[in-house]
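None of the figures in this text is laboratory data; all of them are computed from the coordinates on show. As the structure is a computational prediction, the values presented were derived from the model and not from experiment. Here the Cβ positions follow ideal geometry from the backbone for every residue, glycine too, while neighbour counts run over all protein chains shown.
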Amino acid sequence: MTPTHSQNRLLRTLMFVATCLLSSTSMVGAQSVDSDGSGSAAEDVWAGVEEMVVSGSTAGGLLEDVARSNSVTAFDAEDLEAIGAADISDIAKFTPNLEIVVAGSTSPTFFIRGIGLNDFNANAAGAVAIYQDDVPLNSPALQLGSLYDIEGANVLRGPQGTGAFRNASAGAIKIYSRKPTGEFGVSFKSEFGNYRSRDFEGSMQFPITSETLWGRIAFRATQREGTFKNRCHGAPPLDQRPIQQGGLFPPPADFCGEDIRTGRISNVDVNAPKWINSRNNWAARAVFLIQPDLRGDVDMDWLLTVRGSRRDEPSFVGQSIGIGGVQRFTDEFGNQLRPDINGLLGGVDVGGFVDPDIKKAQDFAFALLQSRCQPTCTSAQNTKARNDSFRRVAADLGRDLDSNPFLGNISHVGGTTNDTVGMALKGTIEIGDLMELTSVTGVDHWQRRVDIDLDFSPNTLFEIDTGDEGLQVYQELHLTGQAFEGLDDIFGGPLDWEVGTFVLYEDLDVNVKLDFGDGGAITGAPKQRIYGQKILSLAGYMALSWDFWEAFTLDGGIRFNWERRDIDYNLIKQNGIDRSDIEILGQEPTGTVRLTYRPTEDSSMYMKFTHGFKTGTFNATGSIKLGVTSARPEKIDAFEIGLRGSYFENRLNLTLSLFHYAYQNYQLFTSQTFARSAPQFVIINASDVELFGSEIEATVLPWEGGLLDVKFAWLQGEFLDFVDIQQREKTIPPVRVSVPVTADLSGNRLLNAPKYSITLTLGQSLPIGRFGTISARWDGTWKHTTYFDASQGRGIPNGDGDVFLPKYTIGQRPYWIHNIRLAYTTPDESIEIALWGRNITNETYKAFSADLSNIQKTTLHFVGDPRTYGVTTSIKF
């Protein structure tokens, strides 16, 4: 691909910044060396990192993660508790350039530096690899497990070109559980908050034998009432409901705004709950550490983990805002100022429903505009006021939703259940002083059902009942060691090497039932999808690291990736079944090469290039016309420079990175419309995508007990070549024909890629003598505008090619989230009592939005949690 002007400008900028960093780091390092009288450089490439990164995280895991991917944000157990992290989606709020979109309690999608895939299907293949204790969690059903008894969670930004990573073209998230220490210990934590939330977490570790076998068990159980109030709660029994009469003005037979055909009764669920979006889940884990006493020069330890979890709660719902209507532009004399536009945010959906709060807002806006000409308003002035009020409310809805985003009319609230069980076995065998063999084995099984009313309305328009069951088996082997120790005297250091391989197998069965209401609200839509998918993924990798000079290290690696996907797809229609059996084969070498310079023992600079790869995937939402299709693999070339350093006696820890990505065949989940066929969500490829940006993380310890942590990210990502084509039917007298409607999205920003994001933490611990310690902490995060589609939040054009949705409709404008925590700890640190508040300003923000205007004449919006507060008591001994 020919370099663009922006690429050339960026490369010049990177070279300039690299020179500045080199100079400044050397000067700061010289000051540090002079102050302690030592001028020697560390022989270890990562000398000083342990003190530099978040304390208390997994020592070996964190150092290994930093060694592989310099750009790492680490959270220790204290950080996770302070931000109230129930699962890994919560850390995204406080990690710049990490976006985790959750449209349900078991359906996450992940984006790092603007790269990811918004596919919520059971067979989704994201671009961010998730690991629990070095075992990949490939299925979305496994990825949002509870965080409990955790040592740390690390976010690795950027493609992982070597090592045991799969489909990590954006990066990886690695979670580490606490391990037995050989001592006896017990901890218990209880949390109570508003919405009647109850959260209990405990652990116990104990020696089983005095020298070879230790155990640790842990659990977490969470319950919370819903945050979303349902107007459709309390519907009378079916035999007590009136029949809808005919005629011009029949008496209403609806209960909460539902549309009822003549001669029928309301079908609102009699058991519809009053409060939705509740939580009810538990998880438990047992870890056993085995260190057999072997003779000779061999040391061995094995870590066996057995885990299980269950989630049983109502499916998440949000707000639906219809678009059925026409935007008209007239003046006060009745003249038409411009052509009408089909599509009005705040109009009716395909079932004719409008939320009562939207109607109130439209009436209020009309009365306000009408008051300007009262009491002598003409008919033309009233018409102008009404038209302007519709558009004014539409703009408000696109920006802020309606006045009660946690209040809605949901006719059917299905349930979400997810049962998981897994086992992991990690063994490390040290052979002499120069070689180590590691084996990681993992087996995971899940059974999930998600029954959701996805139209978010009192009518049956778009309900999906998905059941899936799967099995994942994983095996990794890698060997590390040193060679050519004699190089130590000649070139400064030996050659560290690593070779490894892994295999992942997944067997998935999915059954999707679709309900579009009486007769099918969507012409040509399928009734059911039943499919099975099998994945076999193999890789072999090797890496070398050489301290070729006193302060320089050259390292790199290569991985050969091979994957086969098979899908057996059955599309059930009104008049039969369409069957497909398709295979995808993907293979690609990936790799990384990096040069590291250490001006001082507590700082390092690096420059690296990575080639990444993500396999092709299937579109599981096949329509009757297209059936199941596939997307091509995506590839990435990434260049990055940066530094990590600890200065002024570890009072300042600094991390900085600059990067540039060039993507080919970027995978994108979007909606497509085809003439004489139901619209469908598909994964397509955008030809070229470019992004560049920077991240800065600084931790300052200004005085005893004080903490200032700043994380800042800047991201500029756009589609270089992407034209979206929809097919619509249009009447060209005397016939209706299929016409293409194109939208050139080249130059638009990437999805889930805010231009700026900032996370701030202020903390202070105050000893109060023999009474213990009081600690206060504030965490704040700010994010710039985020778009959830490729149109920069404006949605799909209408049949005439007009963009009619207001700004931010399929996006989120800039917003702040504030968390606070005040804790008291006893002198022996065995008891802690903490008061906390999360989202204390009660900020309303969209977690995800989708444009269904071509399917149901509506837009859907999942809303983040409102303000929560409570008290936590922790005991350990």
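Structural descriptor for the stretch 320-400: relative contact order 35 percent, calculated from alpha carbon pairs under 8 angstrom and at least 6 residues apart. Working from Cα pairs under 8 Å separated by at least six residues, relative contact order for the chain is 11 percent. Residue-normalised convex hull volume from the C-alpha trace of the chain: 201 Å³ per residue. Counted by neighbouring Cβ atoms within 10 Å, the residues I321, I91 run from fewest to most as I91, I321.
When each of the peptides 223-231, 166-174, 404-412 is scored by how many other beta carbons lie within 10 Å of its residues on average, the order from highest to lowest is 166-174, 404-412, 223-231.
Each Lys and Arg adds +1 at its Cβ and each Asp and Glu adds -1 at its Cβ; summed about the Cα centre, the chain shows a dipole of about 3980 debye. Straight-distance candidates among the lysines for linking to K179, with alpha-carbon spacing under 22 Å and chain neighbours fewer than 8 residues away dropped: K189, K426, K876. Seen from P108, the other residues with C-beta closer than 12 Å to its C-beta sum to a net charge of -4, counting Lys and Arg as +1 and Asp and Glu as -1.
Residue by residue, the stretch 827-836 carries 3J(HN,Hα) couplings of x, 8, 6, 8, 10, 9, 10, 10, 9, 9 Hz when phi is fed to the Karplus relation 6.51 cos²θ - 1.76 cosθ + 1.60 (θ = phi - 60°); x denotes Gly or Pro.
Per the helix-only calculation at 222 nm, which mean residue ellipticity applies to the chain, given -39500 (n - 2.57) for every DSSP H run of n ≥ 4 and division by its residues, nearest 500 deg cm²/dmol?
Using -39500 (n - 2.57) per qualifying helix, the result is -3500 deg cm²/dmol.
What area, in nm² and to one decimal, does the C-alpha convex hull of the stretch 320-400 cast on average over all directions?
Working: hull surface 22.0 nm².
One quarter of the hull surface, i.e. the mean projection, equals 5.5 nm².
Close amide H contacts of N409 (hydrogens built in the peptide plane, cut-off under 5 Å, sequence separation of 5 or more or a different chain): R231. As a quick test, which of the pairs K93/K360; K711/K783; K174/K711 have an alpha carbon distance above 22 angstrom in this structure? From the list (K93/K360; K711/K783; K174/K711), the Cα-Cα distance tops 22 Å for K93/K360.
If you add up the charges near G352, with Lys and Arg at +1 and Asp and Glu at -1, over every other residue whose beta carbon is less than 14 angstrom from its beta carbon, what do you get? Around G352, the charge tally is -4. Put simply, the amide H of V317, placed in the peptide plane, has neighbours under 5 Å in N277, leaving out anything fewer than 5 places away on its chain.
Among residues other than Y845 with Cβ under 11 Å from its Cβ, the summed charge is +1 (Lys and Arg +1, Asp and Glu -1). Note on the chain: dipole from Cβ charges, positive end direction compared against G645, T621, T590; the farthest Cα belongs to T621. By the rule of a C-alpha distance below 28 Å, with chain neighbours fewer than 8 residues away ignored, the lysines paired with K513 are K229, K274, K527, K534, K573, K625, K846, K857. The phi torsions of the stretch 761-775, fed into the Karplus equation with coefficients 6.51, -1.76 and 1.60 and a -60° offset, translate into couplings of 9, 10, x, 8, 10, 10, x, 10, x, 6, 8, x, 9, 10, 10 Hz, rounded to whole numbers, with Gly and Pro shown as x.
Provide T615, T699 in ascending order of the number of other Cβ atoms located within 10 Å of each residue's Cβ, fewest first.
T699, T615
Compared with the dominant principal axis of the Cα atoms in the chain, helix 379-400 is inclined by about 20°.
Could you put I429, I260 in order, starting from the residue whose Cβ has the fewest other Cβ atoms within 10 Å? Let's see the in-between values first.
Details: I429 16, I260 21.
Fewest to most other Cβ atoms nearby, the residues stand as I429, I260.
Of the two radii for the stretch 510-619, the radius of gyration is 1.33 times the Kirkwood radius, both from the alpha carbons; that is the Rg over Rh value. For A753, the residues whose amide H sits under 5 Å from its own are Y787, ignoring neighbours fewer than 5 places away on the same chain, with H placed 1.01 Å from N.
Length, then width, then depth: along the principal axes, the Cα atoms of the stretch 294-431 run 101, 33, 24 Å. May I ask for the angle, rounded to the nearest 10°, between helix 59-68 and the longest principal axis of the chain, with both axes built from Cα atoms and the value confined to 0 to 90°? Relative to the chain, helix 59-68 is tipped by roughly 80 degrees.
A simple rule links phi to the HN-Hα coupling: the Karplus curve 6.51 cos²θ - 1.76 cosθ + 1.60 with θ = phi - 60°, which for the stretch 688-698 gives 9, 9, 10, 8, 8, x, 8, 9, 10, 10, 9 Hz, with x for Gly and Pro. For K608, the lysines whose Cα comes closer than 18 Å to its Cα, not counting residues fewer than 8 places off in the same chain, are K635.
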